[in-house]
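Presented below is the structure to which this report refers.
Derivation of every value follows stated rules applied to the coordinates shown; laboratory data play no part. Predicted model only: the values in this text are computed from it and were never measured. In this analysis, Cβ positions are derived from the backbone assuming ideal geometry, glycine residues included, and neighbour counts consider all displayed protein chains.
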Amino acid sequence: MLQDIGLLFLRLSIGFMMLLAHGWPKLAGFTAKSATFPGVLGMSGEISLTLAVFSEFFCSIALILGVLTRWVSIPLLITMLVAAFLIHGGDPWKKQEFALLYAIPYLTLILTGGGKFSIDSLIFKKN
């Protein structure tokens, strides 16, 4: 029971932090940001921004609700690894550390799932 409460707290806290601090500002300022957003892995800045908005906004909502928790944590983890190692790869450790601190809960949720207090537990109820 305490593990499930812990997973609920983890999902809600990391989901809302990413959604409100990163996802919503990118979505709300999409047009302005698309001109200056850095492209990665050969993609344009606009495509990179679209993928970041998808993970940071839409996947965060799914994470908060506990819908396909393991699956929606994958784009979030990838986004944070790209931020740490590609976007901030040449920056001091302090810049990389922030993205990696977000990456750790996403990896944890990939390994554990959303827990009992998630929509996943209703959908994939085990006998």
Placing each pseudo-label 7 Å from Cα in the direction of the beta carbon, SER121 and GLU97 end up separated by a distance in nanometres of 3.5 nm
For the range 1-108, listing chymotrypsin sites (Phe, Trp or Tyr not before Pro) in a DSSP loop whose Cβ sees at most 16 other Cβ atoms within 10 Å gives none
Ranked by GNM mean-square fluctuation in the chain (Cα springs under 10 Å), the top entry among SER13, SER60, SER73 is SER13
Longest principal axis of the chain (C-alpha) makes with the long axis of helix 2-18 (C-alpha) an angle, in degrees to the nearest 10, of 20 degrees
The rounded separation in angstrom of the Cα centers of the range 94-108 and the range 22-87 is 14 Å
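For the chain, build the convex hull from the C-alpha positions and give me its volume per residue in Å³. Display every interim value, and only then the final one.
Values: hull volume 13.2 nm³, N = 127.
In the chain, the Cα hull volume divided by residue count equals 104 Å³.
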Taking r as the C-beta separation of ARG70 and LEU12 and R0 as 22 Å, the FRET efficiency to the nearest 0.05 is 0.85
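State, as an integer percentage, the relative contact order of the range 1-83 based on alpha-carbon contacts under 8 Å between residues 6 or more apart.
On the way: 75 pairs, mean separation 24.3, N = 83.
Once divided by the residue count of the range 1-83, the mean separation gives 29 percent.
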Computed about the Cα centre, the charge dipole of the chain from +1 Lys/Arg and -1 Asp/Glu charges at the Cβ has a magnitude in debye, to the nearest 20, of 240 debye
Only helices counted: for the chain, with every DSSP H run of 4 or more residues adding -39500 (n - 2.57) and the sum spread over all residues, [θ] at 222 nm is -19000 deg cm²/dmol
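Work through the residues other than LEU27 whose Cβ is under 12 Å from its Cβ and net out their charges, Lys, Arg +1 and Asp, Glu -1.
Numbers: positive: LYS26, LYS33; negative: GLU56.
Neighbour charge sum, excluding LEU27 itself: +1.
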Excluding residues fewer than 8 positions from LYS33 in its own chain, the aspartates and glutamates with Cα under 18 Å of it are GLU46, GLU56
